[in-house]
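Comments concern the structure below.
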Amino acid sequence: MTATIDLRPWSEGDLGLLRQLNAPELKEHLGGPESEEQVVDRHRRYLVLGDGRMFRVEVDGVPAGSVGYWERQWRGEVVWEVGWGVLPGFQGRGVASAAARAAVEAAGAEGTHRSAHAFPSVDHPASNAVCRKAGFTLLGEADFEYPPGRWMRCHDWAVVIQRA
């Protein structure tokens, strides 16, 4: 049986999911867990994201993670940046790559940017595999600031947007 993976718009009730996604093992390659205040602030930003969209990822109706896209200045142009997080119980099942593909498709419906990029740490094989499975092309390595004030070495993965 194949699981049904759906994206639902981020809502007020998703704060608990965001707290679960803030676990140390899920934030290891992203500067570590955020404080409760930072998580609440992030949730508020997700609710009013004006330059993109955030989604709750559901597997057979059960919250499994988050995915979204937002604008970023990158190498002289404005692109969509795509990011995701999947709870441990749903990892290794293709959830993140399906969610990333669906987020790119949603970004294409915006009709504004030609490409979407993802910037996983070079030391995070699982997220790099998600990019590959989601149809992104590896462009190379780059220095990337995330979270603000912390530089990391990442892979720059990109996909051409198919406009709806």
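Values in this text are rule-based calculations from the coordinates and carry no lab data. Bear in mind the structure is a predicted one, so any value in this text is a computation, not a measurement. Using ideal geometry, Cβ is built from the backbone for each residue, glycine included, and neighbour counts are taken over all protein chains shown.
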- Note on the structure: Out of (1) buried (at least 19 other Cβ atoms within 10 Å of the Cβ); (2) aromatic (Phe, Trp, Tyr); (3) closer than 21 Å to ARG153 by Cα, the one TRP74 does not meet is (1)
- Task: Report, ordered by the first and then the second residue, all pairs with beta carbons closer than 7 Å, sequence separation of six or more or different chains, a first member in the stretch 1-27 that is without any contact (Cβ under 8 Å) to a residue 60 or more places away in the chain, and a second member that is of a type in the set (A, V, I, L, M, F, W, C) and part of a strand (DSSP E or B).
- Result: ARG8/PHE55; PRO9/PHE55; TRP10/MET54; TRP10/PHE55
- Item | Residue match in the stretch 127-140 (condition: under 23 Å from ARG42 (Cβ atoms), more than 16 Å from the chain's Cα centre (by Cα) and of a type outside the set (A, V, I, L, M)) | no
- Message: Of everything in the stretch 102-143, what is over 12 Å from ILE161 (Cβ atoms) and crowded, with 19+ Cβ neighbours inside 10 Å? Give them in sequence order.
- Response: ALA118, PHE119, PRO120, SER127, ASN128, VAL130, CYS131, ALA134
- Message: List the residue pairs whose Cβ atoms are under 9 Å apart, where the first residue sits in the stretch 104-127 and is more than 20 Å from ASP6 (Cβ to Cβ), the second is among the polar types (S, T, N, Q) and in a loop (DSSP other than H, G, I, E, B), and the two are 6 or more positions apart or on different chains.
- Response: ALA126/GLN91
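I'm checking my understanding of the structure. Among residues of the stretch 1-39 that are of a type in the set (Val, Ile, Thr) and loosely packed, with under 14 Cβ neighbours inside 10 Å, which one is farthest from the chain's Cα centre (by Cα)?
Within the stretch 1-39, the match that is farthest from the chain's Cα centre (by Cα) is THR2.
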